[in-house]
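K.L.:
Structure provided below as structure tokens; questions to follow.
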Amino acid sequence: MKVGTDGVLLGAWAKIDNHHRTVLDIGSGTGIIALMLAQRSDAQEIDAVEIDPKAHEQCVENFEASPWGDRLFCYHAEFTEFVAEMYEEDVTYDVIVSNPPFYSETVTSGDVQRDKARINTSLPFEDLIEGVSLLLSENGIFNLIIPYKEEENVVFLAQSFGMFPLEILRIKGTPDSEIKRSLLAFSFQEKECQISEMVIETSRHQYTQEYIELTKEFYLKM
């Protein structure tokens, strides 16, 4: 699976501090977000969970090839089963991140793996958020990226499980385009939510200074 802009945005933007010791990446794919959080933090335990066997295999290879391999581990599991096992063992995480599948309608690219990663019937928002509410530590932060059209629904779902938005960043591809994505950070503490917007490009491959500042630590050329 290709490294996409959504994953780079979430990995660079996700709220994480050095006092956060445990991290979980849900639907890790090839592990890009978990790797970015390992680069950004001193978290000692960074777990990932991935259902697709080939993506899991590549995620493990990428973890082992990285400088942070001793802090990274990828489980091959379906998320609700993973939640049940971790919950039974009283495992919680200080930071949880997810770039979840988000197409509610049927889409087909001709690639079964890619379609499964994109269609949210494989991990509905309700199952994702309920699971996160069980695994997030009391003072933890849940970060995710979703289509902007799903923002209101996801905020409502999160609140129904006791989580409230701390920060929302809405993403536009160009200055004249519509908002495409929403980056959201949730916690169990209800506070005033900070909402802002960011534009990625002024024209093709001409990145805004804001996007460069956010992501420059993760590109060889930026």
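K.L.:
When the residues of region 145-163 are narrowed to those that are part of a strand (DSSP E or B) and in contact with a helix residue (DSSP H, G or I) (Cβ under 7 Å, 6 or more places away or on another chain), which ends up surrounded by the fewest Cβ atoms within 10 Å (Cβ to Cβ)?
P.N.:
To start, the set of residues in region 145-163 that are part of a strand (DSSP E or B) comprises 145-147.
So of that shortlist, the ones also in contact with a helix residue (DSSP H, G or I) (Cβ under 7 Å, 6 or more places away or on another chain) come out as 145-146.
Values: Ile145: 26, Ile146: 22.
Result: Ile146.
K.L.:
Answer yes or no: is there a residue in region 209-221 that is surrounded by 12 or more Cβ atoms within 10 Å (Cβ to Cβ) and assigned to a loop (DSSP other than H, G, I, E, B).
P.N.:
No, there is no match, as no residue in region 209-221 is surrounded by 12 or more Cβ atoms within 10 Å (Cβ to Cβ) and assigned to a loop (DSSP other than H, G, I, E, B).
K.L.:
Let me ask something else. Of the residues Val23, Val3, which is of a type outside the set (D, E, K, R) and part of a strand (DSSP E or B)?
P.N.:
Numbers: Val3 fails: part of a strand (DSSP E or B).
Answer to the selection: Val23.
K.L.:
Output the number of residues of region 122-170 satisfying the condition of being in contact (Cβ under 8 Å) with a residue 60 or more places away in the chain, more than 15 Å from the chain's Cα centre (by Cα) and more than 23 Å from Glu85 (Cβ to Cβ).
P.N.:
1
K.L.:
Taking region 25-35 on its own, how many of its residues are of a type in the set (A, V, I, L, M), under 11 Å from the mean Cα position of the chain (by Cα) and farther than 16 Å from Phe142 by Cα? Show your work before the answer.
P.N.:
In the first step, residues of region 25-35 are kept if they are of a type in the set (A, V, I, L, M); the result is 26, 32-35.
Filter once more, keeping what is under 11 Å from the mean Cα position of the chain (by Cα): 26, 32-34.
Okay, now just the ones that are also farther than 16 Å from Phe142 by Cα, so 32.
Matching residues across region 25-35 total 1.
K.L.:
Taking the condition buried (at least 17 other Cβ atoms within 10 Å of the Cβ) and assigned to a helix (DSSP H, G or I), does Val49 pass?
P.N.:
Numbers: buried (at least 17 other Cβ atoms within 10 Å of the Cβ): yes; assigned to a helix (DSSP H, G or I): no.
Answer is no for this residue.
K.L.:
For a quick check of your reading of the model, give me the residue pairs whose first member lies in region 1-28 and is closer than 19 Å to Cys59 by Cβ and touching a residue at least 24 places away in the same chain (Cβ under 8 Å), whose second is acidic (Asp, Glu) and assigned to a strand (DSSP E or B), with beta-carbon atoms closer than 6 Å and at least 6 apart or on different chains.
P.N.:
Thr22/Glu45; Thr22/Asp94; Leu24/Asp47; Ser28/Glu50
K.L.:
Hey, another quick one. Being touching a helix residue (DSSP H, G or I) at 6+ places or on another chain (Cβ under 7 Å) and of a type in the set (A, V, I, L, M) is the filter; apply it to region 96-127 and report the residue that is modelled with the lowest pLDDT. Walk me through it before giving the result.
P.N.:
From region 96-127, those touching a helix residue (DSSP H, G or I) at 6+ places or on another chain (Cβ under 7 Å) are 96-103, 107-109, 113, 122-123, 125-127; that's our starting set.
Then keep just the ones that are of a type in the set (A, V, I, L, M); that gives 96-97, 107, 123.
Numbers: Ile96: 98, Val97: 98, Val107: 46, Leu123: 77.
Of everything passing the filter in region 96-127, Val107 is modelled with the lowest pLDDT.
K.L.:
With respect to Ile195, determine if the residue is out of contact with any Ser or Thr (no Cβ under 6 Å at 6 or more places or on another chain) and in a strand (DSSP E or B).
P.N.:
On the way: out of contact with any Ser or Thr (no Cβ under 6 Å at 6 or more places or on another chain): yes; in a strand (DSSP E or B): yes.
Here the answer is yes, as Ile195 does meet what is asked.
The values are calculated or read from the model by the stated rules, or taken from the named source; none is laboratory data. Since this is a predicted model, take the numbers as computed values, not measurements. So basically every Cβ, Gly included, is an ideal-geometry build from the backbone, and we count neighbours across all protein chains shown.
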